[in-house]
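J.: Structure below; questions to follow.
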Amino acid sequence: MSRYIKSFLIVALLSGFFAGCGGNVEETYIMTSVREATRGDLLSPGLKYGFDNPRLIAVYKNMALVREGNLIEFFVGEDLENSVEKVGGRRFVLGARKLYNPFIHFTVDFFAAGGDSIKVYEPYNVTYPALLARISTDEFEDVDIEGITWSTPTLKDIFHTKFTVKEVKVVYEEIPVKDETEWVYTLHLPNVHFIIDNPSDDLVLVLKALINENLYFDGGVSYGGRPSETKAYRKKTMIGGKVKIEFVKYGNKVLNFTI
């Protein structure tokens, strides 16, 4: 079946839905691959494309990451996470528009699964990570991460320091906090764990993708001063305090989270 016939069927499927919402039903979403839509020369009126069951590797709030081979692209839409849940694991078609600012990404317009259609609106607010052609590592010190533990003497060596880490596992886990527990993202170094401090929504999306695909973290972090946790707590949990994520190398991109 050609991409244009598929596009016609999508329009037919959604006609009643869009008409009920007061929308324009004379829309054409050309069926294609994510790679062809981003890297190829396929042109579509209004830059509207349809994707057959794209692989959503992470979804968080208004953002999603879609993988096609070694290509990973950002998709956005208002309450996108809830819309994906409504698809419920079924095979679906995703209709989206290609945008160029601040970099190539897609705004989702609808999901079509079986006889169901879910309209998605433009997101009210999305924070995008800054893409860097390269990262200057001059301000990042060379630290022996295997030598860092939860103990104060080793942590002193990284007080107020920026350093890079590679092949480190990201974990979303429940940790004790006083008389309660809290779910946090952590970096598991060989002999110590660090809590990722106050991650932004776009960073959480990337962290979820790393976890879902069982990939290691490769990037730069910064560590503050003396951790507030007690020695007994650090020994019990292996948590050496908090780090801020400076950048992440992911999907053949360098994502900056300091801006």
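J.: At what distance in angstrom do the alpha carbon centres of region 41-65 and region 228-251 lie from each other?
T.: 35 Å
J.: Could you please state, rounded to a whole Å, how far the C-alpha centre of region 158-208 is from the C-alpha centre of region 92-127?
T.: Answer, in whole Å: 30.
J.: Counting alpha carbon pairs within less than 8 Å and at least 6 residues apart, what relative contact order, in whole percent, applies to the chain?
T.: 15 percent.
J.: Rounded to whole Å and sorted largest first, list the principal axis extents of the Cα atoms in region 132-256.
T.: Per principal axis, max minus min of the Cα coordinates gives 43, 30, 21 Å.
J.: May I ask you to list the lysines whose Cα is less than 22 Å away from that of LYS98, ignoring any residue fewer than eight positions away on the same chain?
T.: Counting by Cα, and skipping residues close in sequence, LYS98 has these lysines nearby: LYS6, LYS48, LYS61, LYS119, LYS253.
J.: Mean separation of Cα pairs under 8 Å and 6+ residues apart, divided by the residue count of region 132-256: what relative contact order is that in percent?
T.: Result for region 132-256 is 31 percent.
J.: Only loop residues by DSSP count here, and only those with at most 12 other Cβ atoms within 10 Å; note down the trypsin sites (Lys or Arg not before Pro) in region 71-107 that meet that.
T.: In loop regions of region 71-107 (DSSP not H, G, I, E or B), the sparsely surrounded trypsin sites (Lys or Arg not before Pro) are ARG90, ARG91.
J.: Still on this structure: Taking the chain as the reference, fit the longest principal axis to its C-alpha atoms, fit the long axis of helix 3-20 to the helix C-alpha atoms, and give the angle between the two in degrees, 0 to 90, nearest 10.
T.: 90 degrees
J.: With unit charges on the beta carbon (Lys/Arg positive, Asp/Glu negative), name the residue among THR237, PHE163, LEU94 whose Cα is farthest towards the positive pole of the charge dipole of the chain.
T.: Farthest towards the positive pole: LEU94.
J.: Take the chain, connect every pair of alpha-carbon atoms lying under 10 Å apart with a spring to form a Gaussian network, then pick out the residue of TYR233, TYR124, TYR223 with the largest mean-square fluctuation.
T.: Greatest mean-square fluctuation among the candidates belongs to TYR124.
J.: Can you give me the orientation-averaged projected area of the convex hull built on the Cα atoms of the chain, in nm²?
T.: One quarter of the hull surface, i.e. the mean projection, equals 15.9 nm².
J.: Specify which residue in the list THR28, GLY77, HIS188 is farthest towards the positive end of the charge dipole of the chain, using unit charges on the beta carbon of Lys, Arg (+1) and Asp, Glu (-1), about the Cα centre.
T.: THR28
Taken together, the values in this text are just the output of simple stated rules run on the coordinates, not laboratory data. What you see is a predicted model, and the numbers here were worked out from it, not measured in a lab. Heads up, the Cβs are rebuilt from the backbone with ideal geometry, glycines too, and the neighbour counts pull from every protein chain shown.
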